[in-house]
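Novice: This is the structure I want to talk about, given as structure tokens.
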Amino acid sequence: MTGPGLSSRPLRADALRNHRAIVAAAREAFEQVGPEVPLEDVARRAGVGPSTLYRRFAGRDELVAAVFAEYFEEAVEPLLARAAVDDDPWGAVVRVVEEIARALHHRQGILRAAKDSGAFTTEVALRFIGPLSDLVTRARAAGVLRPDAEARDIPAAAVMVVATAAPFGEDVRPDRWERYRTFVLDALAAEGHRSTLPALDPPPTSEVAERLAGAFAAAGAAHAGPSETDPSHPSTSTPRRAE
């Protein structure tokens with residue numbers, strides 16, 4: 001197989017070993033540190049020198065492309081392949097939404113690195129959207145997916161699950177995950193295929209108040225205008241007379 005960072009000729013055993021070690025180390029570093037992790041740190045984690053890393057990969061973008069290609073081939077394509085042969089179209093939709101949502105939550109480093117570096121190319125997008133389109137067509141024909149659903153609604157639904165199950169940047173709680181996963185999937189389901197919402201664990205009243213206060217404070221700070229004590233602020237200036 002050839003790919004980012006690999007030539008068309010087979011690698012020597014030691015070069016192949018170094019290549020795999022660097023990709024594995026980069027994948028771990030992107031998750032633990034973030035896409036901006038120094039490449040020298042990646043080399044150290046891989047047990048090679050920086051010069052060895054740069055012989056295999058011309059720079060960060062090429063390394064990210066190799067990491068993302070490996071992740072896509074190991075996790076994404078098998079998921080879509082299983083969905084394509086699943087005898088239960090709705091079950092396949094549910095599993096794809098769930099797995100994409102889990103990836104968005106647990107593989108943020110890899111996915112952000114891929115987005116920032118341009119590794120998610122048109123070619124990769126087609127390899128992703130094509131099978132999703134087939135799945136959506138099959139589920140609509142079976143009458144289990146709403147007739148106006150599109151392939152792009154599937155990853156969008158996964159984003160919604162993560163955004164609602166982990167508000168304010170918190171860790172996902174199982175009760176929130178199950179409830180809002182059901183909310184989102186019901187929005188995709190055809191009429192007559194709705195589920196009963198799982199109950200939420202009741203949080204302490206003080207916890208709810210603190211979360212809301214924090215959210216409103218953050219929003220207020222982001223959109224704050226001039227201080228009301230500032231003489232130039234409209235509320236402290238002389239009111240205009242009505243014309």
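The values are calculated or read from the model by the stated rules, or taken from the named source; none is laboratory data. It should be emphasised that the depicted structure is a prediction, and the values quoted were computed from it without experimental measurement. Positions of Cβ are generated from backbone atoms using ideal geometry, with glycine treated the same way; all protein chains shown enter the neighbour counts. Calculation scope for accessible area: heavy atoms of the full protein, side chains included, ligands and nucleic acids excluded. Shrake-Rupley method; radii C 1.70, N 1.55, O 1.52, S 1.80 Å.
Novice: Where in the stretch 20-76 are there GluC sites (Glu not before Pro) that are in a DSSP coil and have at most 14 other Cβ atoms within 10 angstrom of their Cβ?
Specialist: E36
Novice: Considering only protein heavy atoms, with the full assembly of protein chains and a 1.4 angstrom probe, order H193, H105 by accessible area, largest first.
Specialist: Working: H193 80, H105 45 Å².
Ranked from most to least accessible, the order is H193, H105.
Novice: Calculate, in nm to one decimal, what E178 and R102 gain on full extension: separation in residues at 0.36 nm each, minus their alpha carbon distance.
Specialist: Numbers: separation 76, 0.36 × 76 = 27.36 nm, distance 1.24 nm.
Contour length minus Cα-Cα distance gives 26.1 nm.
Novice: Using a Förster radius of 30 Å, what is the FRET efficiency between R17 and R95 based on their Cβ-Cβ separation? Nearest 0.05, please.
Specialist: 0.30
Novice: Over the stretch 120-189, with a single point scatterer placed on each C-alpha, what log10 of the ratio I(q)/I(0) does the Debye formula yield at q = 0.11, 0.13, 0.23, 0.28 1/Å?
Specialist: Those come out to -0.33, -0.46, -0.96, -1.11, one per q.
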